[in-house]
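A short write-up of the structure that comes next.
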Amino acid sequence: MKIIDGKLVSSYYKENLKTLISSKGINVTLAVILVGNNPASKIYVSNKTKECREVGIETKDFYLPSDTPENELLNLIKELNNDNEVDAILVQLPLPKHMDEFKVLSTISPSKDVDGFHPENIGKLAVGKPFIEPCTPKGIIRLLDYYEIGIEGKRAVVIGRSNIVGKPISLMLLHRNATVTICHSKTQNIENITKEADILIVAVGKPNFVKRNMIKENAVIIDVGINRLEINNEYKVVGDVDFEDVKEICSYITPVPGGVGPMTRAMLLENAYQLAMHRKKMCK
Ligand code: GUN
């Protein structure tokens, strides 16, 4: 079994990006909006802004209380859409329950949509003409390519159908000519399907969900889960895959932490750069 080292691969992409940003002398500014105080979201957002600074991307951070009226958030997004200094906008998910996620994401200008979650950008992805690709799926494809793991003709099984990961990674694998099956909470006899997977992508948010009886020998396993467990008064982050249980059977596996997570952040930085280049008409 080989470990897919997301820290190593993300450093490679971040170094490349840092060089590109300084050599082009381009200013890149990302606006980050966090509503409420979800502890996991706070950590994600602070990691994201820290890594922006490391590669030379400026950030404007907006922390709004959890009871912010939806209209205030929409007005802030509209202001940022019109702010010439801002190249890219990120609204951290999940949003508080009183907010309509679709409405919020649809308000971000598609040309500043760093996550690629705007329906126009998802639509472009769906027809195979992506303008900007969602960060986690983009990072997964980069990992597979870095390790020269073939996608074409392979049987890929995705567990999870979220708009953030499951749906877009399924589309991206399909565009790379994999045969893709999507499983979810209502799938019956899921192990019969996952056992067929050459490439298994797991994004369900359930700690240690995937066990050895669910995978084929020599499968490639990509674990997107980040689950915080409290064990003996200590917090431990575990994935959606029971790493110890499957490690002897699979050919490659992403660890948690240190697998997909760092790649998501690296792709966010790359997307911010791409949007800035596009806005400043520095690329085709
Ligand atoms: N919450 C969990 N993952 C993501 C992501 O990739 N982008 C945003 N904006 N929020 C998230």
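What the table below lists for this structure:
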| quantity | calculated |
| --- | --- |
| Failed item, numbered, when Asn232 is tested on (1) on the phi > 0 side of the Ramachandran plot; (2) modelled with pLDDT of 95 or more | (2) |
| Asn75 being of a type outside the set (A, V, I, L, M), at pLDDT 95 or above and under 19 Å from the mean Cα position of the chain (by Cα) | no |
| Qualifying positions in the range 50-61 - within 16 Å of the ligand (Cβ to nearest atom) and crowded, with 17+ Cβ neighbours inside 10 Å | Glu51, Cys52, Ile57, Thr59 |
| Phe131 outside any helix (DSSP H, G or I), more than 28 Å from Arg228 (Cα to Cα) and aromatic (Phe, Trp, Tyr) | yes |
| Among (1) within 11 Å of the ligand (Cβ to nearest atom); (2) at negative phi; (3) of a type outside the set (Val, Ile, Thr) - the single one Ala156 does not satisfy | (1) |
| Complete set of residues in the range 109-140 that are over 13 Å from Ile169 (Cα atoms) and either among the acidic types (Asp, Glu) or more than 14 Å from the ligand (Cβ to nearest atom) (or both) | Ser109, Pro110, Ser111, Asp113, Asp115, Pro119, Glu120, Gly123, Lys124, Val127, Lys129, Phe131 |
| Residues located in the range 235-284, provided they are exposed (fewer than 12 other Cβ atoms within 10 Å of the Cβ) and modelled with pLDDT of 95 or more | Glu244, Glu248 |
| Strands (runs of 3 or more DSSP E) lying entirely in the range 197-238 (those with 1 or more residues that are under 14 Å from Ser251 (Cβ atoms) and in contact (Cβ under 8 Å) with a residue 24 or more places away in the chain) | 199-202, 220-223 |
| Single match in Ile222, Ile182, Ile164 (criterion: surrounded by 17 or more Cβ atoms within 10 Å (Cβ to Cβ), in contact with a Gly (Cβ under 7 Å, 6 or more places away or on another chain) and among the β-branched types (Val, Ile, Thr)) | Ile182 |
| The listed residue being within 16 Å of His278 (Cβ to Cβ) and more than 13 Å from the ligand (Cβ to nearest atom), out of Leu76, Leu17, Leu80 | Leu17 |
| Count of residues meeting criterion [without any contact (Cβ under 8 Å) to a residue 12 or more places away in the chain and either among the small types (Gly, Ala, Ser) or not in a helix (DSSP H, G or I) (or both)] in the range 27-68 | 1 |
| Pair list, Cβ under 8 Å, 6 or more apart: the range 152-172 residue farther than 14 Å from Cys135 by Cα, other residue of a type in the set (Ser, Thr, Tyr) and part of a strand (DSSP E or B) | Gly153/Thr179; Lys154/Thr179; Arg155/Thr179; Arg155/Thr181; Ala156/Thr179; Ala156/Thr181; Val157/Thr181; Val158/Thr181 |
| Selected residue [among the basic types (Lys, Arg), surrounded by fewer than 16 Cβ atoms within 10 Å (Cβ to Cβ) and more than 16 Å from Val35 (Cα to Cα)] from Lys124, Lys112, Lys129 | Lys129 |
| Answer residue from the range 75-92, given it is part of a loop (DSSP other than H, G, I, E, B) and out of contact with any Ser or Thr (no Cβ under 8 Å at 6 or more places or on another chain) and is surrounded by the fewest Cβ atoms within 10 Å (Cβ to Cβ) among those | Asn84 |
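The values are calculated or read from the model by the stated rules, or taken from the named source; none is laboratory data. Because the structure is predicted, anything quoted here is derived from the model rather than measured. Every residue, glycine as well, gets a Cβ built from its backbone with ideal geometry; the counts of neighbours run over all protein chains shown.
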